[in-house]
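Each reported figure results from applying straightforward, stated rules to the coordinates on display, with no laboratory input. Keep in mind that what you see is a predicted model, and the values were worked out from it rather than measured. Every residue, glycine among them, receives a Cβ derived from its backbone with ideal geometry; neighbour counts consider all protein chains shown.
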Amino acid sequence: RLAREDDIHRLLAQVVDAIMELCNAERGVAVLLPWREGQARIEVVRELASGSDGASFSRSIIDRVLATGEPVLSVDAASDDRFDSSRSVSHLHMRSVLGIPLFSRGQLVGAAYVDHRLRRGAFDEQDLAIVEELAELASLAIVHAKALTIQREQAAALADQGEELARLLEEREVEVRGLREQVRGEQGATRPIYRGMVGSSAAMQAVFRLIDRVAEADVPVVIYGESGTGKELVARAIHDAGGRRSRPFIAENCGAIPESLLESVLFGHARGAFTGAHKASAGLFEAAHGGTIFLDEVGEMSPAMQTKLLRVLQEGEVRRVGDTSARKIDVRVIAASNRNLDAMVEDGTFRGDLYYRIQVVKISLPPLRERTEDLSPLLEHFLGRYDGERRLTIAAPAMRLLARYPWPGNVRELENEVQRLAVLVESRVDPEDLSPKIRDAARSGAAPDPDDLELRPRLERLERELIGRALERCDNNQTRAAELLGLSRYGLQKKLKRMAADSDEDDDKDSKSRSTAKSKRRS
């Protein structure tokens, strides 16, 4: 029971109850020394007699145990010369008294005390030996409970700091909101506010405002969003707009590096730390000193790696793999994830103390399907980048198909599509020029033809769409996607091979169709 208890007051009460039961004592007291400056010591008093004064115990005996670190045993305290100067002993008519220190790893952490006012010789050396064994177990449980208490207090303090920071930032925003809105209106709603970022939607304008507010604050930020929404662009925008803009910006995808290498990549390694380590190498944290490090997919870190990252953030220093010396670092940490870290903390797969260290401010990026008003300015932006001669125009029917497509790969998928069109299309982009998946998605989302009763094509389109969504949600991890779909990994791979073969046939047909259409346009 003691090992499972994480509340320090309840734990002390259990310790006192156990000692009282073992010794048939009348009263018991436990005292825990403060573990930080300015904190009062914790006292728990237990008595068998109901209605008695819980504060009526001999503080002088407790203080004696705490001062000497030695146990106190007296068969008759009232006549014991050691307590002649103790008013509480005579005033309370003490008889049998037993006090023991509580140690943890050689350090005094508190004391426990029991007495009996009516019986002389109620406790003996055997009781003392038994209670000392119990005290040793209790000390371990107390240290464990104290550590949990400190951890909870730190988490609460960090949360309070985050709330206070948000309040201060809100006050600052109120002061400058009018001027910012005026400037933004003059710039035009579709003008990129930060490098590579385009968006006139309300959702993206909210993201831009949040970037403005956190850039100079130099606090840890976590960016949430699906794959392809531009999490690294947001991280770089925060860095470029902040006070560290002239120092390095280092980005790394934690989910793309094997667990065995991630520690060396982030923190560096000493010469000879492992096979192939012929010379010492600095890690990315050292490379980012004075600047910003962006840790993408931080939720993919193993529990062991989370612990090592937490230590670096707490201590402000890194220790290379295989090295014994630590190096001080000064970096701003911006993390990102396409997974729900709150839920991961709840189910125990992500450390709560690390979560509160890295997430003081949270930025959520909307998927492209939820900000379709940004599609047109994004197309213009990417056409300007990849179609330098501005020879491409998008026909209205093709634009309607693009608007109806859900874009599971978000802005990155849209950028890839524009790159593809810039290479393959000579002038006007018609529906047949678009990728088969965009045309198929539009057809599957259209109203069904009442005369079309063919079941197989509809089922194939639905299957393709569901598999695509599962792979996107699982970041193309086939094992996890198969579990999500209720398939075996082998079964999913068979379906993907069949879909790839069907797609190749469609591409051949589309190529012939485009050639015919372009020949007609030229003629």
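Residues 144, 9, 239, arranged from fewest to most other Cβ atoms within 10 angstrom of their Cβ, appear as 9, 144, 239. Here the Karplus curve 6.51 cos²θ - 1.76 cosθ + 1.60, taken at θ = phi - 60°, turns the phi angles of the stretch 96-102 into couplings of 7, 9, 9, x, 9, x, 10 Hz, with x standing for Gly and Pro. Model label points for residue 460 and residue 82, set 7 angstrom from Cα along the Cα-to-Cβ axis, are 9.2 nm apart. When peptides 265-275, 164-174 are sorted by average Cβ neighbour count within 10 Å, with the highest value leading, the order is 265-275, 164-174. Got a sec? Which residues in the stretch 193-235 would a label at residue 173 touch, if it sits 7 Å along Cα→Cβ and we count backbone N under 17 Å? Of the residues in the stretch 193-235, 201-224 have backbone N under 17 Å from the label point off residue 173.
Under unit Cβ charges (Lys, Arg +1; Asp, Glu -1), what dipole magnitude, rounded to 20 debye, does the stretch 188-366 have relative to its Cα centre?
Numbers: 22 positive and 21 negative charges, 120 e Å.
Here the stretch 188-366 has a charge dipole of around 580 debye.
Sorting the segments 302-309, 466-473 by their mean number of nearby beta carbons within 10 angstrom, highest to lowest, gives 466-473, 302-309. Give the calculated FRET efficiency between residue 164 and residue 501 to the nearest 0.05, with a Förster radius of 51 Å applied to their Cβ-Cβ distance. Once the sixth-power term is evaluated, E becomes 0.30. Extending 7 Å from the Cα toward the beta-carbon at both residue 362 and residue 59 defines two label points whose distance is 4.6 nm. Projecting label points 7 angstrom from Cα along Cα→Cβ for residue 325 and residue 68 puts them 4.9 nm apart.
Highest mean first, what order results for 324-333, 489-498 on Cβ atoms within 10 Å?
Values: 324-333: 15.2, 489-498: 13.1.
Put in order of decreasing packing, that is 324-333, 489-498.
For the stretch 188-366, the alpha carbon convex hull comes to 117 Å³ per residue, rounded to a whole number. Among 197, 499, 94, a tally of other beta-carbon atoms within 10 Å of each Cβ gives an order, fewest to most, of 499, 197, 94.
What is the fewest-to-most order of 96, 104, 74 by other Cβ atoms lying within 10 Å of their Cβ? It would help to have the intermediate numbers written out before the result.
Details: 96 25, 104 17, 74 22.
Lowest to highest Cβ neighbour count: 104, 74, 96.
Cβ-Cβ distance of residue 271 and residue 119, R₀ of 60 Å, FRET efficiency by 1/(1 + (r/R0)^6): the value works out to about 0.30. Using the Cβ-Cβ distance between residue 376 and residue 416 with R0 set to 25 Å, the FRET efficiency from 1/(1 + (r/R0)^6) comes to roughly 0.90. Note on residue 426 and residue 22: the extension gain reaches 136.2 nm, defined as 0.36 nm multiplied by sequence separation minus the Cα-Cα distance.
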